Amino acid sequence: MLSPIAFIIPAPNEEAALAPMLDGFRAALDAAACADADIVVVDNGSRDATPAVARTHGARVVSEPRRGYGQACLAGIAALSSDTETVVFLDADGNDDPEDLLRLLAPIREGKADLPLGSRTAAAKSSGAFTPQQAFGNWLATGLMSLFFGAHYTDLGPFRVIRREALDRLQMQDTNFGWTIEMQIKAHRNGLRVQEIPVNYRRRIAGESKISGNFVGTIRAGWKILWIIAKHGLLSGRSN
């Protein structure tokens, strides 16, 4: 039996995707002997039925009206119970494959990693699921992290698992697009045992991505990622 585990799922206007996504992960949780996991859907200012759908499909809903991916993740963390030992982050859109859950949890269960990261670039991707702008953004961000910090990653994917103690040590702060890259830079600097695991990446179940699905979102995310790299580089030089 895995130690107490919680899922944090930011969900801005995801009523169409949320039900099949949650149902799929429920089945995966049964296979992972985690049927009692705390599934936290963070309603990030939705104007649709996202909260109702989440509750109907067995999730606990936390409201965070301030928009932003990082803001939603921070709200989810604040709502965790004190006995939570393992935290899983994933998106609500159905891109992440429930069949990958066991492989991401395994390094935690075996005591081999503090932060298993799902790497979409190393595995098969459904046609059209991984956009050219995502591929370019990953290439640029991971290259800059390697250059400036000596941190070698292949992806900034959202599907990730982390020990609660390690998460607390990172003192996460970003409120929007810089969340994933902030975590990875800080994980490297804090000496966390990071393991990248190849994962599948599917087309979202419904709707359009808030980041890669439109030009403005892509530009904003790109600038924020570059800012996070520059910020952490200026704070302590070329380092580590």
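Filter region 14-37 down to residues that are of a type outside the set (A, V, I, L, M) and open to solvent by less than 40 Å² (accessible area, probe 1.4 Å) and give me whichever is farthest from the chain's Cα centre (by Cα).
C34
Identify the single condition in (1) of a type outside the set (F, W, Y); (2) surrounded by fewer than 21 Cβ atoms within 10 Å (Cβ to Cβ); (3) closer than 14 Å to E182 by Cα; (4) at pLDDT 95 or above that L115 does not satisfy, given that it satisfies every other one.
If we test L115 against (1) of a type outside the set (F, W, Y); (2) surrounded by fewer than 21 Cβ atoms within 10 Å (Cβ to Cβ); (3) closer than 14 Å to E182 by Cα; (4) at pLDDT 95 or above, just (2) comes out false.
Name every residue in region 141-171 that is in a loop (DSSP other than H, G, I, E, B), open to solvent by less than 10 Å² (accessible area, probe 1.4 Å) and over 18 Å from G76 (Cβ atoms), in order of residue number.
A151, D155
Among the residues of region 172-201, which ones are of a type in the set (F, W, Y), open to solvent by less than 20 Å² (accessible area, probe 1.4 Å) and closer than 17 Å to W223 by Cβ?
Across region 172-201, the qualifying residue is only W179.
Looking at I225, I205, which is the one that is crowded, with 21+ Cβ neighbours inside 10 Å, more than 14 Å from the chain's Cα centre (by Cα), among the β-branched types (V, I, T) and at pLDDT below 80?
On the way: I205 fails: crowded, with 21+ Cβ neighbours inside 10 Å.
Sole residue among the options that is crowded, with 21+ Cβ neighbours inside 10 Å, more than 14 Å from the chain's Cα centre (by Cα), among the β-branched types (V, I, T) and at pLDDT below 80: I225.
If you go through region 63-77 one residue at a time, how many are buried (at least 20 other Cβ atoms within 10 Å of the Cβ), outside any helix (DSSP H, G or I) and not small (G, A, S)?
The total comes to 1.
Just give me the residues in region 144-199 being in contact with a strand residue (DSSP E or B) (Cβ under 9 Å, 6 or more places away or on another chain) and among the acidic types (D, E), in sequence order.
D155, E196
If L80 passes every condition in (1) in contact (Cβ under 8 Å) with a residue 12 or more places away in the chain; (2) aliphatic (A, V, I, L, M); (3) in a loop (DSSP other than H, G, I, E, B); (4) open to solvent by 40 Å² or more (accessible area, probe 1.4 Å) but one, which one does it miss?
(4)
Tell me, please, whether a residue that is more than 17 Å from the chain's Cα centre (by Cα), touching a residue at least 40 places away in the same chain (Cβ under 8 Å) and assigned to a helix (DSSP H, G or I) can be found in region 114-136.
Yes, region 114-136 contains a residue that is more than 17 Å from the chain's Cα centre (by Cα), touching a residue at least 40 places away in the same chain (Cβ under 8 Å) and assigned to a helix (DSSP H, G or I).
Can you tell me how many residues within region 80-121 are of a type in the set (A, V, I, L, M) and more than 22 Å from D23 (Cα to Cα)?
4
Go through region 38-60 and report how many residues are open to solvent by 30 Å² or more (accessible area, probe 1.4 Å), farther than 22 Å from E99 by Cα and either in a loop (DSSP other than H, G, I, E, B) or in contact with a His (Cβ under 6 Å, 6 or more places away or on another chain) (or both).
3
The values are calculated or read from the model by the stated rules, or taken from the named source; none is laboratory data. The structure displayed is predicted, hence computed values, not measured ones. Here the Cβ is made from the backbone with ideal geometry for all residues, glycine too, and neighbour counts use every protein chain on show. SASA here: full protein model, heavy atoms, side chains in, ligands and nucleic acids out. Shrake-Rupley method; radii C 1.70, N 1.55, O 1.52, S 1.80 Å.
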